[in-house]
Amino acid sequence: MRGKRVIWHILPYYFLIIIIALVAVSWYASSSVKKFYVDEKAAELKERALLVRHRIFSGNAGIEDERSLDAMCDTLGAISKMRLTVILPSGRVVGDSEEDPEVMENHSDRPEIKAAFRGETGSSTRYSETLSRDLLYVALPVWREGKLLAVIRTSVPLLSLEKSLGWMYARIFGAGIVVAVLALIIGAVVSRK
């Protein structure tokens with residue numbers, strides 16, 4: 001009789017330890033998957049930005065005709081299924097595939113743009129006030145004769161990542177509950193013996 005009482009004192013702690021371990025493993029796995037996905041998307045956006053940079057600024061093409069530059073952003077953005085933005089060193093937007101550059105605010109304070117101004121490939125993930133959703137941004141500088149001519153920024157929504165992670169969380173949670181219940185049953189059987 002006393003053995004049965006001891007079992008019911010031990011099993012809740014055993015169950016709690018299993019749940020904590022499953023939550024920790026689930027959190028680590030989902031964080032790793034998210035980082036991998038974002039890194040892969042950023043590398044893909046960088047490759048697209050390089051192609052766009054070559055297409056827009058090949059030869060001696062500049063940014064004298066802002067209307068045609070904006071129209072080219074619209075076309076290339078639609079073809080590549082990404083948002084494409086061209087920003088001057090002042091931070092003024094002169095081309096965007098999803099918004100009118102005339103009404104867009106100065107972009108010089110964006111983290112990915114700041115990195116591009118320094119000559120690096122900039123990358124950031126944040127909420128877009130313009131589009132009302134989370135986006136992944138990658139920005140590349142465009143140099144001409146040692147001088148910064150513009151910055152090309154590519155971006156895609158992270159909605160598909162959030163859906164995938166939601167699906168993964170549900171699967172991990174379901175599997176975790178099954179494992180915890182099985183472990184509880186096995187623990188109860190073993191402790192009775």
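The values are calculated or read from the model by the stated rules, or taken from the named source; none is laboratory data. All figures in this text were calculated on a predicted structure; none of them were measured in a lab. Virtual Cβ from ideal backbone geometry, glycine too; neighbours counted across all protein chains shown. Ligands, DNA and RNA are excluded from the accessible area calculation, which covers all protein heavy atoms including side chains. Shrake-Rupley method; radii C 1.70, N 1.55, O 1.52, S 1.80 Å.
For segment 166-193, enumerate the residues that are touching a residue at least 12 places away in the same chain (Cβ under 8 Å) and either closer than 30 Å to R55 by Cα or surrounded by fewer than 17 Cβ atoms within 10 Å (Cβ to Cβ) (or both).
Matches in segment 166-193: M168, Y169, F173, V179, L184, G187, A188, S191, R192.
For residues that are open to solvent by less than 20 Å² (accessible area, probe 1.4 Å) and either touching a residue at least 60 places away in the same chain (Cβ under 8 Å) or assigned to a helix (DSSP H, G or I) (or both), tally how many sit in segment 99-136.
Residues flagged as open to solvent by less than 20 Å² (accessible area, probe 1.4 Å) and either touching a residue at least 60 places away in the same chain (Cβ under 8 Å) or assigned to a helix (DSSP H, G or I) (or both) within segment 99-136 amount to 6.
In the set S164, S90, S132, which member is small (G, A, S), over 30 Å from Y13 (Cα atoms) and modelled with pLDDT of 80 or more? Steps first, answer last, please.
Working: S164 fails: modelled with pLDDT of 80 or more; S132 fails: modelled with pLDDT of 80 or more.
Within the list S164, S90, S132, the selection yields S90.
The conditions are (1) open to solvent by less than 70 Å² (accessible area, probe 1.4 Å); (2) modelled with pLDDT of 85 or more, and F36 fails exactly one of them. Which is it?
(1)
Could you please give the count of residues in segment 155-165 that are without any contact (Cβ under 8 Å) to a residue 12 or more places away in the chain and open to solvent by 70 Å² or more (accessible area, probe 1.4 Å)? Outline the logic, then answer.
Applying the first criterion (without any contact (Cβ under 8 Å) to a residue 12 or more places away in the chain) to segment 155-165 yields 160, 163.
Imposing the further condition that a residue be open to solvent by 70 Å² or more (accessible area, probe 1.4 Å) reduces the set to 163.
So the answer is 1.
Residues of segment 1-33 being open to solvent by less than 90 Å² (accessible area, probe 1.4 Å) and either more than 17 Å from the chain's Cα centre (by Cα) or modelled with pLDDT of 85 or more (or both), which ones? Before the answer, list the steps.
Filtering segment 1-33 down to residues open to solvent by less than 90 Å² (accessible area, probe 1.4 Å) leaves 3, 6-7, 11-12, 15, 18-19, 21-22, 24, 26, 29-33.
Those that are open to solvent by less than 90 Å² (accessible area, probe 1.4 Å) and either more than 17 Å from the chain's Cα centre (by Cα) or modelled with pLDDT of 85 or more (or both): G3, V6, I7, L11, P12, F15, I18, I19, A21, L22, A24, S26.
Please verify whether segment 143-154 includes one or more residues that are touching a helix residue (DSSP H, G or I) at 6+ places or on another chain (Cβ under 6 Å), in contact (Cβ under 8 Å) with a residue 40 or more places away in the chain and over 15 Å from V38 (Cα atoms). Write out each step before concluding.
Residues of segment 143-154 touching a helix residue (DSSP H, G or I) at 6+ places or on another chain (Cβ under 6 Å): 151-152, 154.
If we keep only those that are in contact (Cβ under 8 Å) with a residue 40 or more places away in the chain as well, we get 151-152, 154.
Within this subset, residues satisfying the condition of being over 15 Å from V38 (Cα atoms) are 151-152.
Yes - at least one qualifying residue is present in segment 143-154.
Name the single residue that is surrounded by the fewest Cβ atoms within 10 Å (Cβ to Cβ) among those in segment 82-98 being over 16 Å from L135 (Cβ atoms) and of a type in the set (A, V, I, L, M, F, W, C). Spell out how you get there, then give the answer.
From segment 82-98, those over 16 Å from L135 (Cβ atoms) are 86, 88-92, 94-95; that's our starting set.
So of that shortlist, the ones also of a type in the set (A, V, I, L, M, F, W, C) come out as 86, 88, 94.
Numbers: V86: 27, L88: 18, V94: 20.
Step by step, filter segment 82-98, then rank; the result is L88.
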